[in-house]
Amino acid sequence: MSKDNIADWDETPANNQDVGGISLAEGVMKGPAVNNAFREMMAQIKKVIGTTTSLIKATTTEFRSNVSDRVLVTDQVWAAGAVVTLTDAASIAVDMSAGINFSVTLGGNRALANPTNTKVGQSGMIVVRQDATGSRTLSFGSAWVFPGGIKPTVGPSASQYDVIFYSVLSSSLIFCSFGKAMA
């Protein structure tokens, strides 16, 4: 059988007798070492790829959601870092499979809930903005920890930006630093 594509290649080097119908038999090409090298190359590629006949590129959503068996391409990795707007609510939900970097405008006194779908090693930022009224407060779920164990106070000025930088250590432990009154 002609080995016309990677899916036809075998993990046993001796079984790879041709590439696209071109014989790799001894005597056809110069030196048995060349033949063995091609056979070994085919075997190694087959082991890496397995039964997959093509590589599947990860979408932005798949990258954020940590889908396995996908290849990362730069445009999708950069797109995954785009800021995702969180829904303003009494308890602000952060689904870490939906983004890496987030933003929210506080429309009242709020709580940043413990995030869902955390991935150990995920790092990013949450931009917190006061609405046009200002003086809104933000409390934090127990997973969000800050230097010295002191939860920060968001700046009170109308339309002011603060930034929370985070790094996920576990689903219940997220190290944070806080940039207040970014200007």
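If you count Lys pairs in the chain whose Cα atoms are under 27 Å apart, skipping same-chain pairs closer than 8 places in sequence, the total is 12.
Across all directions of projection, what mean area in square nanometres is found for the Cα convex hull of segment 77-182?
Details: hull surface 24.3 nm².
In nm², the orientation-averaged hull projection of segment 77-182 is 6.1.
Charges were assigned to the Cβ only: +1 to each Lys and Arg, -1 to each Asp and Glu. The resulting dipole of the chain about its Cα centre is roughly 680 debye.
DSSP beta bridges fully contained in the chain are about 50 percent antiparallel.
Compared with the direct C-alpha span, the chain from S157 to L55 gains 31.7 nm at full extension, assuming 0.36 nm per residue.
Could you grab the relative contact order for segment 77-182? Cα pairs under 8 Å, six or more apart, rounded to a whole percent. It comes to 24 percent, rounded to a whole number.
With contributions of -39500 (n - 2.57) from each DSSP H run of at least four residues, the per-residue ellipticity at 222 nm computed over the chain stands at -5000 deg cm²/dmol.
Taking amide H positions as modeled 1.01 Å from N, with prolines and chain starts lacking one, the residues under 5 Å from L112 and 5 or more places away or on another chain are I92, S139, F140, G141.
Throughout, read-outs are computed from the coordinates displayed, never taken from laboratory work. Treat the numbers as computed from the prediction; the structure is a model and nothing was measured. For neighbour counting, all protein chains shown are included, and Cβ atoms are generated from backbone atoms with ideal geometry for every residue, glycine included.
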